[in-house]
Each structure stands twice: as C-alpha cells, then as structure tokens.
Amino acid sequence: MSQETKISTSRTIDAPAAQIFDVLTNPDNHVRLDGSGFVRSADRPQRIQATGDVFTMNMEGDHMGGEYQTDNHVTGYAKDKLLAWQTAPAGTQPPGWEWVWELEPQGPDQTLVTQTYDWSKVTDKDLLSKNLFPLVSKEQMDDTLGKLAELVSS
C-alpha cells in the first residue's frame, strides 16, 4: 500500500491569475473543469468569497452508490493566489481531504497553476481501510488543468 498522502500537478496557463481565480471561485464552472467525471452540477451556486464559505455540489460515483452531494468547506482563500476546500458528504463535517489551487503569475498573461489533492489529514481508520485514496488520479487532475486552460482561453 502506498504511503503517499497527496498528489499535485501543475501547468502554466496562458491567462492572468485574476481570470483563472474568477473561474475557480464560481462553482458553476466546476462541472466543466472536472477531470474525474464525478461532478454533475453546483447546488444553489454562489461565488466563493472567503475562508469559511461552504458550497454544495451534486455528484455521482460508484464509490458512493450513485448520486450524492458534497459540502465543500473553504479552508484557504487569497484573491488571485489561493483557493482551498475540504470536501464532505452533505450535512457532515469534512473527514480531512482537501483540494488546493495555487496560482503564481508568470508575467501579465501567464499563470502557473498547481492543483493538490491532499488526504494527509484523514484520520478515520474505517474510511482509510476502504482504500479510497486517491479517489482521483494525477491523470484526471492533469485533465482538469487542461480543461481550465481551454475554458479561460475561450
């Protein structure tokens, strides 16, 4: 069994950090960005504006027996630089896995985007024994960054 507890992937995207951040903070865009195939739609979407915000997504996956919802608790927010959230089945507290987006300008019209999927804070032994992590692969995350690049260039 692998001892890795996170996956990161990066890509330089031809768009300013502010434009990319604008896309990421709108949950309605997440279905178009999702490389995993789990995201279906945002539930009553509102733009993410601060740490402490919670946004709900409609999802579907065999690992949850079909359709389900997640509450995503924003744990990091720095305008045009950082967006992070911990995901939990709707109505529950996050068990510890987190999605982190870091934006680093590479000039006025290019941004190095790093996406990290981190499950190092998951401590629930029953959850860990199900061997769900990583539920999303590096290839799927690379696909997400490709979709983000396409979306901001259109």
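The values are calculated or read from the model by the stated rules, or taken from the named source; none is laboratory data. Computed from a predicted structure; not experimentally measured. We place every Cβ from the backbone using ideal geometry, glycine too, and count neighbours over all the protein chains shown. Remember, those area values only see protein heavy atoms, side chains included, never the ligands or the DNA or RNA. Shrake-Rupley method; radii C 1.70, N 1.55, O 1.52, S 1.80 Å.
Worth a mention:
- Qualifying positions in the range 68-101 - free of Cβ contacts under 8 Å to residues at least 40 places away in the same chain, outside any strand (DSSP E or B) and either of a type outside the set (G, A, S) or on the phi > 0 side of the Ramachandran plot (or both): G91, T92, Q93, P94, P95, G96, W97
Rundown of residues vs (1) in contact with a Ser or Thr (Cβ under 8 Å, 6 or more places away or on another chain); (2) among the polar types (S, T, N, Q), yes/no style:
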residue	(1), (2)
S41	no, yes
T51	yes, yes
E67	no, no
D80	no, no
A84	yes, no
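Okay, residues lined up against (1) modelled with pLDDT of 90 or more; (2) surrounded by fewer than 17 Cβ atoms within 10 Å (Cβ to Cβ):
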| position | (1), (2) |
| --- | --- |
| A50 | yes, yes |
| M59 | no, no |
| G65 | no, yes |
| Y77 | yes, no |
| W99 | yes, no |
| L128 | no, yes |
| L132 | no, yes |
| S137 | yes, yes |
| T144 | yes, no |
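- Screening the range 11-25 for residues that are surrounded by 15 or more Cβ atoms within 10 Å (Cβ to Cβ) and not in a helix (DSSP H, G or I) and picking the one that is nearest to the chain's Cα centre (by Cα) gives T25.
- Residue check for R40: in contact with a strand residue (DSSP E or B) (Cβ under 8 Å, 6 or more places away or on another chain), assigned to a strand (DSSP E or B) and over 15 Å from K138 (Cβ atoms): yes
- Subset of the range 53-67 [within 16 Å of V136 (Cα to Cα), acidic (D, E) and in a strand (DSSP E or B)]: E60
- Condition check for Q69: more than 23 Å from G146 (Cβ to Cβ) and not small (G, A, S): yes
- For the range 107-134, a residue qualifies if it is in contact with a Phe, Trp or Tyr (Cβ under 8 Å, 6 or more places away or on another chain) and part of a loop (DSSP other than H, G, I, E, B), and the qualifying residues are W119, K121, V122, F133, P134.
- Single condition E104 does not satisfy, out of (1) assigned to a strand (DSSP E or B); (2) open to solvent by less than 30 Å² (accessible area, probe 1.4 Å): (2)
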